[in-house]
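All remarks here apply to the structure that follows.
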Amino acid sequence: MAQNKKKKQSNHCSCDVLIIGGGSAGLRAAIEAHDAGAHVLIISKSKKGDPHTILARGGINAALGTMDPEDNWMIHASDTLREGEFLADYERVEVLCKNAPGAVNELVNWGARFHREKDGRLTQRFFGAHTYRRTVFYEDWTGEEIIRILMAQVQQRKIDIIDNVYITKLLKLDNANEEGSAGGKGEIKGALGIDIEKKEIVVFECKSLILAAGGYTRVYSVSSSRIFENYGEGMTLAYEAGIDLVDMEMVQFHPTGMVWPETALGTLATEAIRGEGGILLNSKGERFMKNYYPERMELGPRDIVARANYNEIVAGRGTEHGGVWLDITHLPKEKILDRLPTMYEQFKNISGIDISKEKMEVGPTAHYSMGGVVVDIKCRTNVRGLFAVGEVISQIHGANRLGGNSLLDTVVFGKIVGNEAARLAKEVEGEREKTREPSSPLGLNVNDQKEFEDDDGIFIVKEPLKFRNEIQELMMQNAGIIREETKLRNGLKRILELKNEFYSKDNILKEFKIDDDEEGNGENVVITWEVKSSLVVCEAIIRSALMRQESRGAHYRSDFPNLDDKNWKVNIYCRKEAREMVLFKQNVKEIKGPLADLLEVHVKPEHHREFE
């Protein structure tokens, strides 16, 4: 393609705390940072109030004991660790579960309309693998309700949000090792991005930066994420800044995504359906979970239920469209409309079925990434000023996340990271002025200037959609819900080939244009960068899955079907060394204190539900 260079517009923004991501984690962090005295700016590639969080339907967990007084934070923590197959950091799980009641009550005080019993108590429903009822909810769109509440708090504080911006690189001070290193040395100073709507390159300066950019499940062709979300951008930004990734093989497949029509493939059928009494049936009408997890049936751990659905389908006992049946017709329609109104409308509008009278066709869908950026208990990375929170980080959920813990994770650690980022911003205030060059208002070095003045930093590849489609399909086929060495090696081989093709000189269009005179170019810029992130994330998933020669939680190896605590009770790390990805492992932190004692004696009771 002929060069047609033109001077690119650029824009500069400055703040104390820059937050990348406008979901519940980013919003809660922004509120806390603002209240701690920081000037906060939120950057979102989604529209204001429409982040991925709104797809979280079923609820948020807290051991409130409103329905089951025997519940407490320690049992909640025990459930979280056990169902995560003891891969999580127990100290982070303690923080999560101890702070859960306060986090939920804070949302209530801010006006959250969670479901209540007739006597005014907050209703708590069963979710899979929980000992007690501890999931608080608003109908079946709890995530959207939480976003409504958090957005109202953000607006009250007049916190700025810039949407439709795609961040492409984190910027560090001159002492940063740009190639990445074991020490992750350096200090954050901002980020480089593309404002697609305004057709500008934007440079953001900050004293602290919080990554709250979501997960990486959209690298699979069947996913509950929307098509424009969750390609692992946050992980890739951190990885390229020298931060390790950990447990990237741990990808949760939700048991129940829609399988028909094709346009709705992967769309979530919330766990709340099973929490309210929904049952799973194969094409023969058998309630097959009795063969896989008789103690809890449909409310077993997500990884077990998802594999059960998968096994029934591949064994030839699936439905016409390659799923299984999810049936809730035994419940009164009034209860369905009260507890599951969104699901009722979703299936009515998309599939044309009335779930109070007809069964739903569902199958496993890539839903949540337990792996992610390495941070400490206060969400700090080992680059000064760089923090991360939400689905972009790891070691909170282990090998298998409990339903209802993800929304909790975002608000508990969102509050913590917001305070930490504001505190750090105060520490470095004034430091930048001493080292800033007069000719560079943002303290950018020569390489950073090149990033937004030349064509090398922001690029487009030819037909990026073809790359994205092939990556998604090969991940589904080679590194999906059931894994084995041959397929994993084939998948890795092709990912590396695609990486070479992607970066080939013949494939890269060495100019940055998102002007209207070239139709679709703006979209192709974004897809190019989604592919760039996907290639990093997929290599990490597959390499980690190959290394872990056992089955643990969401990671199931058919050639190593057993859990192996002796050799594999470890976290697997991915590190960037020069241009290569290097893996290493470390033992999981030993659980100590009262929680260790409880895990020795606590045995979960069976769920006892009566279909009303």
**Asked** Are any of the residues in segment 39-48 in contact with a His (Cβ under 9 Å, 6 or more places away or on another chain) and modelled with pLDDT under 95?
**Response** yes
**Message:** Looking at VAL108, VAL154, VAL104, can you tell me which residue is farther than 30 Å from MET297 by Cα, open to solvent by less than 10 Å² (accessible area, probe 1.4 Å) and assigned to a helix (DSSP H, G or I)?
**Reply:** VAL154
**Message:** Going residue by residue through segment 566-585, is there one that turns out to be open to solvent by 30 Å² or more (accessible area, probe 1.4 Å), of a type outside the set (Ser, Thr, Tyr), under 24 Å from GLN252 (Cα atoms) and touching a residue at least 60 places away in the same chain (Cβ under 8 Å)?
**Reply:** yes
**Prompt:** Just to be sure, is ILE471 outside any helix (DSSP H, G or I), at pLDDT 90 or above and of a type outside the set (Asp, Glu)?
**Reply:** no
**Request:** Identify all residues within segment 222-264 that are more than 22 Å from ALA399 (Cα to Cα) and assigned to a strand (DSSP E or B); write none if there are none.
**Result:** MET258
**Prompt:** When the residues of segment 475-500 are filtered to those that are in contact with a helix residue (DSSP H, G or I) (Cβ under 6 Å, 6 or more places away or on another chain), assigned to a helix (DSSP H, G or I) and touching a residue at least 40 places away in the same chain (Cβ under 8 Å), which remaining residue is most open to solvent (accessible area, probe 1.4 Å)?
**Reply:** LYS499
**Asked** Consider ASP119 against the criteria (1) open to solvent by 50 Å² or more (accessible area, probe 1.4 Å); (2) not in a loop (DSSP other than H, G, I, E, B): it satisfies all of them except one. Which criterion is unmet?
**Response** (2)
**Request:** Quickly run through segment 133-166 and pick out the residues that are of a type in the set (S, T, N, Q) and under 14 Å from ARG339 (Cα atoms).
**Result:** THR135, THR142
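Results for (1) surrounded by 19 or more Cβ atoms within 10 Å (Cβ to Cβ); (2) closer than 23 Å to ASN105 by Cβ; (3) not aliphatic (A, V, I, L, M), shown as yes or no for each residue.
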| site | (1), (2), (3) |
| --- | --- |
| ILE43 | yes, no, no |
| ALA56 | yes, yes, no |
| ASP71 | yes, yes, yes |
| GLY84 | yes, no, yes |
**Message:** Just to verify a result, which residue in segment 527-552, among those that are in contact with a strand residue (DSSP E or B) (Cβ under 8 Å, 6 or more places away or on another chain) and at pLDDT below 95, is least open to solvent (accessible area, probe 1.4 Å)?
**Reply:** THR528
**Single condition ILE279 does not satisfy, out of (1) in contact with a Lys or Arg (Cβ under 6 Å, 6 or more places away or on another chain); (2) open to solvent by less than 10 Å² (accessible area, probe 1.4 Å)** = (2)
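The values are calculated or read from the model by the stated rules, or taken from the named source; none is laboratory data. None of the values given here were measured: they were computed from a predicted structure. Glycine also receives a Cβ, built like all others from the backbone with ideal geometry; neighbour counts cover every protein chain displayed. With ligands, DNA and RNA removed, areas are computed over all heavy atoms of the protein, side chains included. Shrake-Rupley method; radii C 1.70, N 1.55, O 1.52, S 1.80 Å.
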